[in-house]
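Reading through the structure tokens given below for one structure.
The values are calculated or read from the model by the stated rules, or taken from the named source; none is laboratory data. Quick caveat: nothing in here was measured; it's all calculated off a predicted structure. Positions of Cβ are backbone-derived with ideal geometry, glycine not excepted, and every protein chain shown enters the neighbour counts.
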Amino acid sequence: MIVGCIPPVRPLLDGPLRPGLAIASRRLLRLGIVVLGLALSLVDIAHLGWVAIVAIVVLVVASFGLTWAIGRLFRLEGDQPILLAAGFSICGVSAIGAMSAARGSDQKDAATPTALVTLFGTAAILVLPALAPLLGLDPTEFGRWVGASVHDVGQVVATAQIAGPVALAVAVVVKLTRVLMLAPMVAVTSLVARRSAPLTVEGEARAKRPPIVPLFILGFLALVLVRSFLPVPDAVLAAASILQSILLAMALFAIGASLRLEALARSGLRAVGAGLVAWVVILGLGLGFVWLAGAV
């Protein structure tokens, strides 16, 4: 974002570097999402129990719907409301990229939700550990809260590890269960986008429509199944984690470089306000999940 705001650099970003940035923001992002599948194991998720799994599904759907409604209420432009909903309710930047790619969204629409996910996800690292003692949460409950409400996987790890290994282990499993919702949520929104695509003037065929389930989502699911049912060496998992971080870092740089702060400033107060309200709502829903899981 800083690089994109340096005037002498902008001609390069908008000129000779633009094709490479486009590849990074789309293709490399999709590859990073595919590799993310190796971090998920259906066996670990099954250990949560069916009540917790159903609760997480309901939590994601409710968070998505409420955040989308908040984005619309604050009059965010274009696809920003639905991308904000994906990022806040599922898995941060990865979900924003997946939803944007599936819907064929303008790259500029992804920049503001990405900035908000970064802002409030970073704030969670400071705010949630401070609130945990006031709410009387033990390490297990704190881990559930973090996993259920913090956006990116990296932010979940950074927040939960403050309370120790028990909180971290619980948070990661809950978070990865939320990540698994990426595929069905993207598929549903892609189907809606296909049905709402306008007809051509002749009415012969629809305009270019995104696939119901994009190929990179199928790749993501395939690697989830590989991790769940095949023995994957620790060295491969470690390498995949590094590769995923590199791919997502390159994609994030490209997305950030496309953001122009003067454009963000025009809707900045609305965007930050929408992000803040959505964040508070999701934190509240996450606490509800904690209390439900503890009561069962």
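Select from segment 96-144 the residues that are more than 16 Å from the chain's Cα centre (by Cα) and not in a helix (DSSP H, G or I) and write down the one among them that is farthest from ALA183 (Cα to Cα).
Looking at the filtered set, the residue picked out is GLY136.
Table: residues versus (1) among the hydrophobic types (A, V, I, L, M, F, W, C); (2) free of Cβ contacts under 8 Å to residues at least 12 places away in the same chain; (3) surrounded by 23 or more Cβ atoms within 10 Å (Cβ to Cβ); (4) assigned to a helix (DSSP H, G or I).
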| residue | (1), (2), (3), (4) |
| --- | --- |
| PRO11 | no, yes, no, yes |
| LEU31 | yes, no, no, yes |
| LEU48 | yes, no, no, no |
| GLY71 | no, no, yes, yes |
| ARG75 | no, no, no, no |
| VAL93 | yes, no, yes, yes |
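In segment 35-42, is there at least one residue being closer than 15 Å to ALA251 by Cα and either at pLDDT 85 or above or assigned to a loop (DSSP other than H, G, I, E, B) (or both)?
Within segment 35-42 (the criterion being closer than 15 Å to ALA251 by Cα and either at pLDDT 85 or above or assigned to a loop (DSSP other than H, G, I, E, B) (or both)), the answer is yes, since at least one residue qualifies.
Can you confirm whether segment 96-109 contains a residue that is crowded, with 24+ Cβ neighbours inside 10 Å, of a type outside the set (D, E, K, R), modelled with pLDDT of 80 or more and farther than 24 Å from ARG18 by Cα?
No: zero hits.
Any residue at all in segment 150-173 that is touching a Phe, Trp or Tyr at 6+ places or on another chain (Cβ under 6 Å), within 24 Å of VAL277 (Cβ to Cβ) and assigned to a helix (DSSP H, G or I)?
no
Search segment 163-179 for residues that are among the small types (Gly, Ala, Ser) and pair each with any residue that is surrounded by fewer than 20 Cβ atoms within 10 Å (Cβ to Cβ) and in a helix (DSSP H, G or I) when their beta-carbon atoms are under 6 Å apart and the residues are at least 6 apart or on different chains.
Listed by first residue and then by second, the contacts come to ALA163/PRO139; GLY164/PRO139; ALA167/PRO139.
Could you say whether any residue in segment 212-219 is modelled with pLDDT of 85 or more, in a helix (DSSP H, G or I) and among the β-branched types (Val, Ile, Thr)?
No: zero hits.
Any residue at all in segment 175-195 that is modelled with pLDDT under 85, farther than 17 Å from PHE64 by Cα and part of a helix (DSSP H, G or I)?
Within segment 175-195 (the criterion being modelled with pLDDT under 85, farther than 17 Å from PHE64 by Cα and part of a helix (DSSP H, G or I)), the answer is yes, since at least one residue qualifies.
Please work out which one of (1) surrounded by fewer than 22 Cβ atoms within 10 Å (Cβ to Cβ); (2) touching an Asp or Glu at 6+ places or on another chain (Cβ under 9 Å) is the condition VAL57 fails and give its number.
(2) is the only condition that VAL57 fails.
For every residue, the table says whether it meets (1) under 20 Å from ALA171 (Cα atoms); (2) among the β-branched types (Val, Ile, Thr).
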{"residue": "ARG18", "(1), (2)": "no, no"}
{"residue": "SER25", "(1), (2)": "no, no"}
{"residue": "LEU29", "(1), (2)": "no, no"}
{"residue": "ALA39", "(1), (2)": "yes, no"}
{"residue": "ILE56", "(1), (2)": "yes, yes"}
{"residue": "ILE70", "(1), (2)": "no, yes"}
{"residue": "GLU77", "(1), (2)": "no, no"}
{"residue": "ILE90", "(1), (2)": "yes, yes"}
{"residue": "GLY97", "(1), (2)": "no, no"}
